[in-house]
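These notes concern the structure reproduced below.
The values are calculated or read from the model by the stated rules, or taken from the named source; none is laboratory data. Keep in mind it's a predicted model, so treat the numbers as computed, not measured. Cβ coordinates were reconstructed from backbone atoms using ideal geometry, including for glycine residues, and neighbour counts include every protein chain displayed. Remember, those area values only see protein heavy atoms, side chains included, never the ligands or the DNA or RNA. Shrake-Rupley method; radii C 1.70, N 1.55, O 1.52, S 1.80 Å.
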Amino acid sequence: MTALSSDYPGADYLIIGAGSMGMATADWLARHSDARVQLLDAYCPPHEHGAHHGETRLLRQAYGEGSSYVPLAKRALKLWKQLEEESGETLFLSTGVLNVGPPGAPFIDQVEASARQHGLALDSLSGDQVSSRWPGWALEASMHGCFEHEAGVLFVERIIACWRARVEQSPQVSLVTGAQVIRLEAGEQSGWVAVCADGRRFGADRVLLSGGQHIAPLMAGLGVELPLTRVRKTFAWYECDARYDTAHFPGFSLTTPSGAIYYGFPDIEGAGFKMGRHDSGQPLEAGEAMAPFGEHEDDIRELQQVVERYFPGVGALRVGAVCQYIRTPDEHFLIDEPLPGLLVAGGFSGHGFKFASALGEALGLWLDQKQRLPELALFGLTRFSSSREGTS
């Protein structure tokens, strides 16, 4: 390895951000490479400061965000099941996922199109058929549903903890917590150096920056502007009756007639009915504190009105929470190498975690073998340059 300006030399690869994608990549490298890996996080994962908290995420393959995601989703499901078998932990709950919306809703149309294109099993149902099959729903007959059998719920914090345990057992991977990176610099001869708030410096020839809200500011310091925005989001758990237990109710997405998009989960292990809104939210600057749940006037109302309209067995609010989305303008991911040897992976919020197992593999291959898988072509930075040129 070429000497770098670093207080901690010796790593072949440096990963900044040990959340979903960073930890997944480190886990893959620990098992498929002899490289020495330095993994940094400002906190102690799993934690609530990034995008990987809130207990659960939906896993689906018939994909409303676009058919191009389906091969990645299939690979991810295979790797989730493999991780579950190797760890002995329950990481995936097969509940199925129901997508509901008015006729012609673009998201629902795309779910069905991706299922047809990739041969995925999908039940097509009218609104009254949905309500009959799952009495926890109260839908008008004109609404449309499509149910994916081979889908369900991932236990996100368990997964991060599982990866962390495996990474810490690896002799070639070093996890450093409490390492708040405030600046990136070019190495004296090659590579990149991460400078922490406490003065520590970590360097390597190849670096993965997967630090959520901190990606854009850190890259801006190197003269690279990335189209990533940060948004405050809310979700909540509610009291509910037996209609919402995992034996009688699936995970879901709901597009309302007004076009608002919600997602939710059955009552898992007594936690209650969980629901959040996917669109909307309040813009935030990097590092800006998020107002607690309930401080914005819409926090409770935008969820409560949907509960009252569509879910007859859901009762009082138990607890609400806030999280952050890091988004690109088109809401597709941003995975690229904007500077030689410096990879960025961000913009995953709202639908990224389900792919983390497969993206950890893909990012590991890119770091270790300089091999960019074709499944990542959709996520390049140049698509935004083309968009700006087309509107100028």
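Yes or no, residue by residue, for (1) assigned to a strand (DSSP E or B); (2) over 30 Å from S33 (Cβ atoms); (3) among the polar types (S, T, N, Q):
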residue	(1), (2), (3)
E185	yes, no, no
A216	no, no, no
K233	yes, yes, no
A236	yes, yes, no
A247	no, yes, no
M275	yes, yes, no
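Which of the following residues is charged (D, E, K, R) and within 20 Å of the chain's Cα centre (by Cα): R301, R309, R318, R327?
Step by step, each of R301, R309, R318, R327 is checked, and only R327 is charged (D, E, K, R) and within 20 Å of the chain's Cα centre (by Cα).
Look at V195 and say whether it is assigned to a strand (DSSP E or B), among the β-branched types (V, I, T) and either free of Cβ contacts under 8 Å to residues at least 24 places away in the same chain or closer than 30 Å to A115 by Cβ (or both). Walk me through it before giving the result.
Details: assigned to a strand (DSSP E or B): yes; among the β-branched types (V, I, T): yes; either free of Cβ contacts under 8 Å to residues at least 24 places away in the same chain or closer than 30 Å to A115 by Cβ (or both): yes.
Here the answer is yes, as V195 does meet what is asked.
In the range 124-138, which residue that is touching a residue at least 40 places away in the same chain (Cβ under 8 Å) and under 15 Å from A247 (Cα atoms) is most open to solvent (accessible area, probe 1.4 Å)? Before you say what the answer is, go through the steps one by one.
Taking the range 124-138 and keeping what is touching a residue at least 40 places away in the same chain (Cβ under 8 Å), we get 134-138.
Restricting the remaining residues to those that are under 15 Å from A247 (Cα atoms) gives 134-137.
On the way: W134: 22, P135: 67, G136: 0, W137: 6 Å².
Result: P135.
Looking for something open to solvent by 30 Å² or more (accessible area, probe 1.4 Å), among the acidic types (D, E), within 18 Å of the chain's Cα centre (by Cα) and under 24 Å from F379 (Cα atoms) - is there at least one such residue anywhere in the range 62-81? Yes, some residue in the range 62-81 is open to solvent by 30 Å² or more (accessible area, probe 1.4 Å), among the acidic types (D, E), within 18 Å of the chain's Cα centre (by Cα) and under 24 Å from F379 (Cα atoms).
Listed by first and then second residue, the pairs linking a residue in the range 98-109 that is farther than 22 Å from P135 by Cβ to a residue that is surrounded by 15 or more Cβ atoms within 10 Å (Cβ to Cβ), with Cβ atoms under 6 Å apart and 6 or more places separating them unless they lie on different chains, are P103/H144; A105/T255; F107/G64; F107/T255. So A121 clears everything in (1) in contact (Cβ under 8 Å) with a residue 12 or more places away in the chain; (2) loosely packed, with under 14 Cβ neighbours inside 10 Å; (3) under 25 Å from A271 (Cα atoms) except one condition, right? Which one? Tallying (1) in contact (Cβ under 8 Å) with a residue 12 or more places away in the chain; (2) loosely packed, with under 14 Cβ neighbours inside 10 Å; (3) under 25 Å from A271 (Cα atoms), A121 fails exactly one: (3).
For (1) open to solvent by 60 Å² or more (accessible area, probe 1.4 Å); (2) part of a strand (DSSP E or B), each residue gets a yes or a no:
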| position | (1), (2) |
| --- | --- |
| P283 | yes, yes |
| A291 | no, no |
| R309 | yes, no |
| V319 | yes, yes |
| Q324 | no, yes |
| P338 | no, yes |
| A345 | no, yes |
| F348 | no, no |
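Looking at the range 38-52, is at least one residue open to solvent by less than 10 Å² (accessible area, probe 1.4 Å), within 15 Å of T177 (Cα to Cα), at pLDDT 90 or above and not basic (K, R)? Scanning the range 38-52 turns up at least one residue that is open to solvent by less than 10 Å² (accessible area, probe 1.4 Å), within 15 Å of T177 (Cα to Cα), at pLDDT 90 or above and not basic (K, R).
I'm trying to understand the selection: among the residues of the range 247-262, which are in contact with a Phe, Trp or Tyr (Cβ under 9 Å, 6 or more places away or on another chain) and surrounded by fewer than 23 Cβ atoms within 10 Å (Cβ to Cβ)? Spell out the reasoning first.
Of the range 247-262, the ones in contact with a Phe, Trp or Tyr (Cβ under 9 Å, 6 or more places away or on another chain) are 248-256, 261-262.
Listed by number, the residues that qualify are H248, S253, T255, T256, I261, Y262.
Just to be sure, is L154 over 22 Å from S87 (Cβ atoms), hydrophobic (A, V, I, L, M, F, W, C), surrounded by 17 or more Cβ atoms within 10 Å (Cβ to Cβ) and in contact with a Leu (Cβ under 8 Å, 6 or more places away or on another chain)? Spell out how you get there, then give the answer.
On the way: over 22 Å from S87 (Cβ atoms): no; hydrophobic (A, V, I, L, M, F, W, C): yes; surrounded by 17 or more Cβ atoms within 10 Å (Cβ to Cβ): yes; in contact with a Leu (Cβ under 8 Å, 6 or more places away or on another chain): yes.
So L154 fails the test.
Applying the condition of being open to solvent by 30 Å² or more (accessible area, probe 1.4 Å) and under 16 Å from G350 (Cα atoms) to the range 263-277 and asking which residue is modelled with the highest pLDDT yields Y263.
Applying the condition of being under 18 Å from H149 (Cβ atoms) and not β-branched (V, I, T) to the range 85-112 and asking which residue is most open to solvent (accessible area, probe 1.4 Å) yields S94.
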